[in-house]
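A quick write-up on the structure given underneath.
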Amino acid sequence: MNKLIELRRAKMLALSLLLIAAATFVVTLFLPPNFWVSGVKAIAEAAMVGALADWFAVVALFRRVPIPIISRHTAIIPRNKDRIGENLGQFVQEKFLDTQSLVALIRRHEPALLIGNWFSQPENARRVGQHLLQIMSGFLN
């Protein structure tokens, strides 16, 4: 399925659920208060607050929200992409590509043993031999 269609459906579902929560909340305002009405009202209110908070959080990460008091706390990723990239690169380098991590990875997977076992199978050795023969004959021509 097309990703754009999936995105539209997800947005429509989210908006529909928000509108249902808002309508439920408004209806409970006009009902006589009792235990069940208060419970439904609290659930609808929590759903609206959660939906709006999630929407704002996602929007604020990627786009500027033109509300004066909070606008400087929006578009976080575009404004800080260089710093985020540097920190992410440093994290990967220090945690995954440092000597200690690479040595541990090599010891855990024993690549020389895996390659040796692979070459010990006659079909694999024959295929590699044929490829090497083609490459070498190309150099000689």
Highest GNM mean-square fluctuation, the chain, Cα pairs closer than 10 Å: which of Leu15, Leu113, Leu52? Leu113
Pairing the Cα long axis of helix 122-140 with the longest principal axis of the chain, what angle in degrees results, from 0 to 90 and rounded to the nearest 10? 70 degrees
The local net charge around Val92, scoring Lys/Arg +1 and Asp/Glu -1 for residues other than Val92 whose Cβ lies under 12 Å from its Cβ, equals -2
To the nearest 0.05, the calculated FRET efficiency linking Ala104 and Ala75 through their beta-carbon distance, R0 being 30 Å, is 0.15
Rounded to 0.05, the calculated FRET efficiency for the beta carbons of Asn34 and Leu4 at R₀ = 35 Å is 0.15
Computed Rg/Rh for the chain (Cα atoms; Rh = Kirkwood radius) stands at 1.33
For the chain, the longest principal axis of the Cα atoms and the Cα long axis of helix 99-109 enclose an angle in degrees, to the nearest 10, of 70 degrees
Angle between the Cα long axis of helix 3-30 and the longest principal axis of the chain, 0 to 90 degrees, nearest 10? 20 degrees
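Bear in mind that the values in this text are calculations on the coordinates, not laboratory data. Here the structure is a predicted model, which is why all the values come from computation and not from measurement. All Cβ positions, glycine included, derive from the backbone under ideal geometry; neighbour counts span all protein chains shown.
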